[in-house]
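Participant: This is the structure I have questions about; it appears just below.
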Amino acid sequence: MRRSSPLAAFVATGLTLIVPLPAVPAHASTGSGAYVPGSAGLGDPYFPQAGNGGYDVGHYTIRLRFTPKTRHLGATTTITATATENLSRFDLDFSGPKIGKVEVNGERASYARKGQELVVTPRHGLPSGKTFTVEVSYAGRPKAIKDRALGVTGWIDTKDGAVVLAEPDGARSWFPVNDNPRDKATYTFEISAPEGLTVLANGEPKNSGVAGPRGGYRTSTWEMRRPMASYLAMVAIGKFKVTQGVVDGMPNITAYDPSLAKEFKHLHGITAKAITWESKILGDYPFSSTGGVADRLGVYYALETQGRPVYDAGMADEPTIVHELAHQWFGDSVGLRSWKDIWLNEGFASYAEWLYQEQHGGPSAENTFAEHYKHKAGSAFWKLKTGDPGRNGMFDWNAIYVRGAMTVHALRRKIGDETFFTLLRTWTKENRHSTVTTQDLIALAERLSGQNLGDLFDAWLYKAAKPKL
Ligand code: TRP
Ligand code: ZN
């Protein structure tokens, strides 16, 4: 949406102002009004600096070379974006190594780094509605982002390479980005690594996928052709045992560090089984390939990186694989507009585990729910608000994973199985490759059930207390 400048408002009321107007470039055909800086954030209450105003990214091409021995990264990221305001300048989020140069539409642009903001001032203003390209070259040693509450994210060094895991705001550690989940884009990865190492990323390898060797390096190209949030972008470099197969007519590409063979030899098969089951329950799988990557990361979590989740050592159990793959529908395809709605990702992915158990000879979801419901009113279990846990509480096990799944089950109890399973498929279908809010879920559940569900969601999401049944 275009914001009208305060200056334009004065002019419209007929006041005479002797203020030099910003020069309007000759090629400004689409936008009218003054050229203004894009905002430094998108107003996310948990991550106010993440994301930037004034443009929408369509595609990222990330070309990089990584040398595990020296930990040196040399990279050029090219962004194709469309201005949504007349931009005099704009920000990207970037916390990566030293920048060599920045170009906009093929011309050198000036830039400044302020915290996580990379402020880019192009030679010419960028008219609203027009597409532009930004190319940023940088080199040096990338660093993971360490946060007391959120753990380690971003570019993570491993013994023989590196892996990227970036939820919620680690993408800026390795490429300049509009780092907000609402700005999805397609991606091309051209990754060069020393001969003998394997490279994996989101999506599918392009053509043969591997070129070279040249100068001891090989370049692998991977494409994610469906819209993807920046925190779900993934690259894995290192020694891997790769298995290629087919599930439901699409590629299943899994890989594990050879030292994890014992733990992860079932990753490929469980992935295929989970995807087949989930497609029945949740609707058509949203991407054109699946798989998984397992490596020794020391982060103690798995992440639902789009089309190909990543698992740390110790995360090879079937429920975890079911969870990460359920995220392909809940979180990846149906994305978040705001991080405070993280329960929409984790509650549904955790509930998929409960459903999987229920349908594979384990306890019913009702039983699992009843066990957790035993937590006493007033106990710490009910302390945070599931629908607004605070930035540092966004991965709280009880408030988000367990009570998120309980919220889904409370809804199922209220609207009945038939409407509930229709809701799961309608939600994933209507919001495929898009972003949503909790309000959207409530509206859909009310539409399908014909019930007023305001009180139920209010009790489960917005009260720090045990809800009545
Ligand atoms: N979203 C991941 C999952 O549940 C987990 C995760 C990512 C996480 N980052 C984290 C958990 C940081 C705790 C802390 O699949
Ligand atoms: Zn999860």
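The values are calculated or read from the model by the stated rules, or taken from the named source; none is laboratory data. Computed from a predicted model, the values in this text were never measured in an experiment. Every residue, glycine among them, receives a Cβ derived from its backbone with ideal geometry; neighbour counts consider all protein chains shown. Keep in mind that these areas ignore ligands, DNA and RNA; they rest on the heavy atoms of the full protein, side chains included. Shrake-Rupley method; radii C 1.70, N 1.55, O 1.52, S 1.80 Å.
Participant: Within the group Ala294, Ala316, which residue is outside the structural domain of Val163 (by TED's automatic domain parsing) and open to solvent by less than 10 Å² (accessible area, probe 1.4 Å)? Before the answer, list the steps.
Facilitator: Details: Ala316 fails: open to solvent by less than 10 Å² (accessible area, probe 1.4 Å).
After applying the criteria, what remains is Ala294.
Participant: Out of the stretch 337-348, which residues are surrounded by fewer than 24 Cβ atoms within 10 Å (Cβ to Cβ) and either within 20 Å of Val164 (Cβ to Cβ) or within 11 Å of ligand 1 (Cβ to nearest atom) (or both)?
Facilitator: Trp339
Participant: So which residues in the stretch 287-336 are near ligand 1 (Cβ under 9 Å from one of its atoms) and among the aromatic types (Phe, Trp, Tyr), if there are any at all?
Facilitator: Tyr300, Tyr301
Participant: Continuing with the same structure: Within the stretch 151-163, work out how many residues are assigned to a loop (DSSP other than H, G, I, E, B) and under 19 Å from Tyr217 (Cβ atoms). Steps first, answer last, please.
Facilitator: Of the residues in the stretch 151-163, the ones assigned to a loop (DSSP other than H, G, I, E, B) are 158-161.
Imposing the further condition that a residue be under 19 Å from Tyr217 (Cβ atoms) reduces the set to 158, 160-161.
Residues in the stretch 151-163 being assigned to a loop (DSSP other than H, G, I, E, B) and under 19 Å from Tyr217 (Cβ atoms): 3 in total.
Participant: Then there's this: If I filter the stretch 313-370 down to residues being of a type in the set (Asp, Glu) and in contact (Cβ under 8 Å) with a residue 40 or more places away in the chain, which single residue comes out as farthest from ligand 2 (Cβ to nearest atom)?
Facilitator: Glu366
Participant: Kindly list, by first and then second residue, each pair from a residue in the stretch 443-469 that is without any contact (Cβ under 8 Å) to a residue 40 or more places away in the chain to a residue that is among the hydroxyl-bearing types (Ser, Thr, Tyr), limited to pairs with Cβ atoms under 7 Å and residues at least 6 apart or on different chains.
Facilitator: If the second residue must be among the hydroxyl-bearing types (Ser, Thr, Tyr), the pairs left are Leu444/Thr426; Leu448/Thr419; Leu448/Thr422; Leu448/Thr426; Ser449/Thr419.
Participant: Pick from the stretch 120-150 the residues that are free of Cβ contacts under 8 Å to residues at least 40 places away in the same chain and not in a loop (DSSP other than H, G, I, E, B): which of them is farthest from ligand 1 (Cβ to nearest atom)?
Facilitator: Applying the filter and picking the extreme gives Thr121.
Participant: Is it true that Ala236 is assigned to a helix (DSSP H, G or I) and open to solvent by less than 20 Å² (accessible area, probe 1.4 Å)?
Facilitator: Criteria not met by Ala236.
Participant: Now for a separate question. For Arg182, which of the numbered conditions (1) surrounded by fewer than 24 Cβ atoms within 10 Å (Cβ to Cβ); (2) of a type outside the set (A, V, I, L, M); (3) more than 20 Å from Glu117 (Cα to Cα) fails to hold?
Facilitator: Going through the list (1) surrounded by fewer than 24 Cβ atoms within 10 Å (Cβ to Cβ); (2) of a type outside the set (A, V, I, L, M); (3) more than 20 Å from Glu117 (Cα to Cα), Arg182 breaks only (3).
Participant: Right, Asn52: modelled with pLDDT of 95 or more, out of contact with any His (no Cβ under 6 Å at 6 or more places or on another chain) and open to solvent by less than 10 Å² (accessible area, probe 1.4 Å) or not? Reasoning before the result, please.
Facilitator: Details: modelled with pLDDT of 95 or more: yes; out of contact with any His (no Cβ under 6 Å at 6 or more places or on another chain): yes; open to solvent by less than 10 Å² (accessible area, probe 1.4 Å): yes.
Here the answer is yes, as Asn52 does meet what is asked.
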